[in-house]
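Data first, discussion second: the structure below is written as structure tokens.
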């Protein structure tokens, strides 16, 4: 290979390396508004929690549905979406998953069937588009 071709090949290789190399700043999500506590009765919090519980119940191997017993805290951070950090206590209900009408579900009181957990959900939302995603979920048995 002659010198001009080698030089062009070297420049091309450097250019490709610069384009392909991961830039941590590019992938970093910009926080537009820092995390702050929001009221648990906020409509967006309710929507996000409803969605998170739908996903939790869909992924759960339990034959009963779980429902929220208590919202410990809700926080909002704004990035390229609204990010809700929601801490809740959930419990196994009396309703089995296959039931269509879940309005009459109550928390299991039978000691053999009673099961509770404390969960942290991070739900990303663009509520004006109807878009919700559970970004993180962590539940610990109580």
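The values are calculated or read from the model by the stated rules, or taken from the named source; none is laboratory data. Nothing here was measured: the structure is a model prediction, and the numbers come from that model. FYI the Cβ positions are ideal-geometry reconstructions off the backbone, even for glycines, and counts take in every protein chain you see.
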Would you point out the residue of the stretch 15-35, among those that are assigned to a strand (DSSP E or B) and surrounded by 10 or more Cβ atoms within 10 Å (Cβ to Cβ), that is modelled with the highest pLDDT?
35
For the stretch 39-54, give me each residue that is in a helix (DSSP H, G or I) and farther than 18 Å from residue 129 by Cβ.
49, 53
Options 123, 78: the member that is farther than 15 Å from residue 140 by Cα and in contact with a helix residue (DSSP H, G or I) (Cβ under 8 Å, 6 or more places away or on another chain):
123
Residue ID - surrounded by the most Cβ atoms within 10 Å (Cβ to Cβ), chosen from residues in the stretch 79-93 that are within 16 Å of residue 30 (Cα to Cα) and touching a strand residue (DSSP E or B) at 6+ places or on another chain (Cβ under 6 Å)
84
Only residues that are closer than 28 Å to residue 77 by Cβ, without any contact (Cβ under 8 Å) to a residue 40 or more places away in the chain and not in a loop (DSSP other than H, G, I, E, B): list them for the stretch 90-130, please.
91, 120, 122, 128, 129
Out of all the residues in the stretch 125-135, which are in contact with a strand residue (DSSP E or B) (Cβ under 9 Å, 6 or more places away or on another chain) and more than 10 Å from residue 52 (Cα to Cα)?
125, 126, 127, 131
Looking at 45, 38, 69, which one is modelled with pLDDT of 85 or more, out of contact with any helix residue (DSSP H, G or I) (no Cβ under 8 Å at 6 or more places or on another chain) and closer than 15 Å to residue 122 by Cα?
45
Tally, over the stretch 44-58, of residues that are in contact (Cβ under 8 Å) with a residue 12 or more places away in the chain, surrounded by fewer than 18 Cβ atoms within 10 Å (Cβ to Cβ), closer than 24 Å to residue 100 by Cα and more than 12 Å from the chain's Cα centre (by Cα)
1
